[in-house]
Amino acid sequence: MKLEIFGVEGLPEITAGDDLASLISDAANLADGDVVVVTQKIVSKAENAMVAVDPNDPLSHKPVVEQESVRILRRRGDLVISETKHGFVCANAGVDRSNVAADAAALLPDDSDRSARRIRNGIRARTGLDVGVIVSDTFGRPWRRGVADVAIGVAGVRPILDLRGTPDASGRELQVTEVAIVDELAAAAELVMGKTSNVPVAVIRGADPDWLGPGSIQADLVRPPSEDLFR
């Protein structure tokens, strides 16, 4: 198997109301079966999921964090780990001031699965191509340092590759293995997008057809509290 991952350059600064599907279709040389990974930040900008903050106060977004949280799990100094209405557990309810104007903060999209579907349907209407779309964001991980990109919205890509009941390389049946394939694709795409290079879209080519199909991050990937050992 061979995967190709390349960033989509030449996109303009995204503003409220921009048609991401059209902009991506014009900027990227897409093919059937590609997976398009789009950062949450430009989705939030296009959907006007932005709030005003004081550019001179680095903590002026903290009241917004409280508003966007349905539950606070931990506090340490200025850091808040909270649960959002989407079911995500993340720092500061996903409220982010990086790569936006100094007087603004970006919120998570209201429904990132819907955002992904809108982009996917728009690309199909414009080009006739059937692609998968992942909306990605940067999350920290419990018990590990550093951040990695994960999927917060998806369309046309199965969130989970369920290998339970299939044999491993030694022929033993796998019992519990479920691979979060959308998170792995999101993390791989971030390697060509970066945090400072202003490349908010990447294309993954060569995805296994078994990875493609219907699914939802909220329905298929977010672990319900009843299955969570730590909440």
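The values are calculated or read from the model by the stated rules, or taken from the named source; none is laboratory data. All figures in this text were calculated on a predicted structure; none of them were measured in a lab. Methodologically, a virtual Cβ is constructed for each residue, glycine included, from the backbone with ideal geometry; neighbour enumeration extends over all protein chains shown. What goes into the accessible areas is simple: the full protein's heavy atoms, side chains included, and nothing from ligands, DNA or RNA. Shrake-Rupley method; radii C 1.70, N 1.55, O 1.52, S 1.80 Å.
Computed over segment 99-231, the P(r) curve from all C-alpha pair distances, binned at 5 Å from the origin, holds 2, 9, 15, 20, 20, 16, 10, 5, 2, 1, 0, 0 percent per bin. Surface listing: Leu212, Leu59, Leu108 arranged by accessible area from highest to lowest gives Leu59, Leu212, Leu108, probe 1.4 Å. Looking at segment 145-231, none of the GluC sites (Glu not before Pro) sits in a DSSP loop with at most 16 other Cβ atoms within 10 Å of its own Cβ.
Give me the Kirkwood hydrodynamic radius of the chain in Å, from all C-alpha pairs, to one decimal place? Computed over the chain, the radius equals 18.5 Å. Note on segment 106-172: Rg/Rh from C-alpha atoms, Kirkwood Rh, equals 1.13.
Each pair of Cα atoms in segment 57-165 enters the Kirkwood radius, and Stokes-Einstein at 37 °C and 0.692 mPa s then converts it into a translational diffusion coefficient of 208 µm²/s. How large is the Kirkwood hydrodynamic radius of segment 1-94, in angstrom, based on all distinct alpha carbon pairs? After inverting the pairwise mean of 1/r, the radius is 16.1 Å.
Just so you know, the Rg over Rh for segment 71-117 is 1.02, from Cα atoms, with Rh as the Kirkwood radius. Averaged over its residues, segment 25-83 has an accessible area of 53 Å² per residue, based on protein heavy atoms and a 1.4 Å probe. Label separation (Asp78 vs Arg231): 2.6 nm, computed from points 7 Å beyond Cα along the C-beta direction. Averaging 1/r across all pairs of distinct Cα atoms in segment 32-76 and inverting the result yields a Kirkwood radius of 13.5 Å.
How would Ile119, Ile160 line up by accessible area, probe 1.4 Å, largest first?
Working: Ile119 10, Ile160 50 Å².
The most accessible residue leads, giving Ile160, Ile119.
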